[in-house]
1. Consider only pairs whose beta carbons are under 7 Å apart and that are at least six residues apart or on different chains; among these, list those whose first residue lies in the range 2-22 and is farther than 17 Å from ILE71 by Cα and whose second residue is hydroxyl-bearing (Ser, Thr, Tyr) and part of a loop (DSSP other than H, G, I, E, B).
2. Mind telling me which of the residues ILE71, ILE9, ILE83, ILE60 ends up being surrounded by fewer than 24 Cβ atoms within 10 Å (Cβ to Cβ), among the hydrophobic types (A, V, I, L, M, F, W, C) and at pLDDT 95 or above?
3. Kindly indicate whether any position in the range 155-174 is closer than 30 Å to ALA260 by Cα, surrounded by 21 or more Cβ atoms within 10 Å (Cβ to Cβ) and in contact with a helix residue (DSSP H, G or I) (Cβ under 6 Å, 6 or more places away or on another chain).
4. Across the range 27-39, what is the number of residues that are under 12 Å from VAL79 (Cβ atoms), under 18 Å from the mean Cα position of the chain (by Cα) and surrounded by fewer than 20 Cβ atoms within 10 Å (Cβ to Cβ)?
5. Regarding the range 228-237, can at least one residue be identified that is under 30 Å from LYS3 (Cβ atoms), of a type outside the set (A, V, I, L, M, F, W, C) and modelled with pLDDT of 95 or more?
6. Within the range 253-282, track down each residue that is surrounded by fewer than 14 Cβ atoms within 10 Å (Cβ to Cβ) and basic (Lys, Arg).
7. Could you list, in sequence order, the residues of the range 100-120 that are in contact with a helix residue (DSSP H, G or I) (Cβ under 9 Å, 6 or more places away or on another chain) and either of a type in the set (S, T, N, Q) or within 20 Å of ALA260 (Cβ to Cβ) (or both)?
8. Tell me whether the range 67-82 contains one or more residues that are touching a residue at least 12 places away in the same chain (Cβ under 8 Å), among the acidic types (Asp, Glu) and in contact with a His (Cβ under 9 Å, 6 or more places away or on another chain).
Amino acid sequence: MTKTVLGVIGGSGIYNLELEDARWDKIESPWGEPSDEVRRGTIDGLPVVFLPRHGRGHKIPPSDINYRANIDILKRAGVTDLISVSAVGSFRQEMPPGTFVIVDQYIDRTFAREKSFFGKGCVAHVSVADPVSPNLLDLIEEAAKVEKLAYKRGGTLLVMEGPQFSTKAESHMYRSWGCDIIGMTSMPEAKLAREAEICYANIAMVTDFDSWHPEHGAIDITKLLAVMGENAGHAQNLVRRIAQDMPREHQACPIGSDKALEFSIVTQREDRDPSLVHKLDAIAGRVL
C-alpha cells in the first residue's frame, strides 16, 4: 500500500498552514517556477505538503500562476491526495458569504493558461468527467460537520480568467447556466492534478454574491477581505480535522483518479519526443 501524503493548496487569504515539524523546502520543476516553496510538516503524524497558490504575500495574479509547475512539485513531494482551498463568489441566495462549498463540478472559462502536461511529441487524453475524488468529498463533508461549518456538498464552480470580477450580464448568464459559484483559480489546476494521478478536491469559501444580487450590487473589496479573513481561520481548522481523519494508507480512488494515465497516452513509444518525456518524469513516470 502507498502511504498517504496530503497536499494542500492555499488560496486567497491562506498563505501558511500550521504544521508540526514544519519547514519551507524549495523543489525545482522542469515546467518553470512554481508559486513558492512548499511547506512540509505533519498533522497528527500525517505527512502534509502545503503550497500557497499566489505565493506568500499574494504576489501572483490568477493568470500568471504556473499551474503545471505547482502540480509537478507537489507530485515530486509525494502528494497522493490534494485539497485545494479557494475564495469564490456565489450565484445562489442559499450560499451566502461564509458558506463552504464542497465542489464536485466545474465549467472552465479560462483561456490564457497552459492546461496540460502533454502535447506535441506525447499526446494524452485524460477524462475529467468526474473531476473530484469521492473519497475526499466524504472526508471534507465529515470534517465540516464536526467543525460545525455552514457548508454545501456539491456545486458547480465556474472558473473565469480574471483578474477583474464579472459584469452583471456575465453574472446573470452564469447563473442561467446552472453554476453555483465563481472563482479564478481551480482550473486548470483540477485537470492537471488528474493528469498527475493525484486525487483532488476543492473547498470553495464564499466571500461575496458576485454582481448579480439586486441588494448587494457590485463587489465591495473591503467586505470581501473581511469575510476572507474569517473564512481563513475556519479553513485552517477544517484542514486539520481532515488530516486527523484521513486514512494513513492511500485509499484507491473509486473513479480512478490515481490511475488516470493507465490508457490515456496515445503516442506510440517510438514516436515520443524524448525531451517532453524527460519533463514528464514525475507526472507520468509510472506509465512512461
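The values are calculated or read from the model by the stated rules, or taken from the named source; none is laboratory data. Small disclaimer: the values here were computed from a predicted structure and weren't measured. Using ideal geometry, Cβ is built from the backbone for each residue, glycine included, and neighbour counts are taken over all protein chains shown.
1. THR2/THR80
2. Numbers: ILE71 fails: surrounded by fewer than 24 Cβ atoms within 10 Å (Cβ to Cβ); ILE9 fails: surrounded by fewer than 24 Cβ atoms within 10 Å (Cβ to Cβ); ILE83 fails: surrounded by fewer than 24 Cβ atoms within 10 Å (Cβ to Cβ).
Result: ILE60 is the single residue among ILE71, ILE9, ILE83, ILE60 that is surrounded by fewer than 24 Cβ atoms within 10 Å (Cβ to Cβ), among the hydrophobic types (A, V, I, L, M, F, W, C) and at pLDDT 95 or above.
3. Just the residues of the range 155-174 that are closer than 30 Å to ALA260 by Cα, to begin with: 155-162, 174.
Filter once more, keeping what is surrounded by 21 or more Cβ atoms within 10 Å (Cβ to Cβ): 155, 157-160, 174.
In the following step, the residues that additionally are in contact with a helix residue (DSSP H, G or I) (Cβ under 6 Å, 6 or more places away or on another chain) were identified as 158.
Yes, the conditions are met somewhere in the range 155-174.
4. Initially, the range 27-39 is screened for residues under 12 Å from VAL79 (Cβ atoms), giving 27, 38.
Keeping just the survivors that are under 18 Å from the mean Cα position of the chain (by Cα) gives 38.
Now narrow it down to the ones that are surrounded by fewer than 20 Cβ atoms within 10 Å (Cβ to Cβ): none.
Qualifying residue count, the range 27-39: 0.
5. First, the residues of the range 228-237 that are under 30 Å from LYS3 (Cβ atoms): 232-237.
Still in the list and also of a type outside the set (A, V, I, L, M, F, W, C): 233-234, 236-237.
Now narrow it down to the ones that are modelled with pLDDT of 95 or more: none.
For the range 228-237, residues under 30 Å from LYS3 (Cβ atoms), of a type outside the set (A, V, I, L, M, F, W, C) and modelled with pLDDT of 95 or more: absent.
6. ARG269
7. Matches in the range 100-120: VAL103, ASP104, TYR106, ASP108, THR110, ARG113, GLU114, LYS115, SER116, PHE117, PHE118, GLY119.
8. Restricting attention to the range 67-82, the residues satisfying the condition of being touching a residue at least 12 places away in the same chain (Cβ under 8 Å) are 67-82.
From what's left, among the acidic types (Asp, Glu): 72, 81.
Then keep just the ones that are in contact with a His (Cβ under 9 Å, 6 or more places away or on another chain); that gives 81.
Among the residues of the range 67-82, at least one is touching a residue at least 12 places away in the same chain (Cβ under 8 Å), among the acidic types (Asp, Glu) and in contact with a His (Cβ under 9 Å, 6 or more places away or on another chain), which makes the answer yes.
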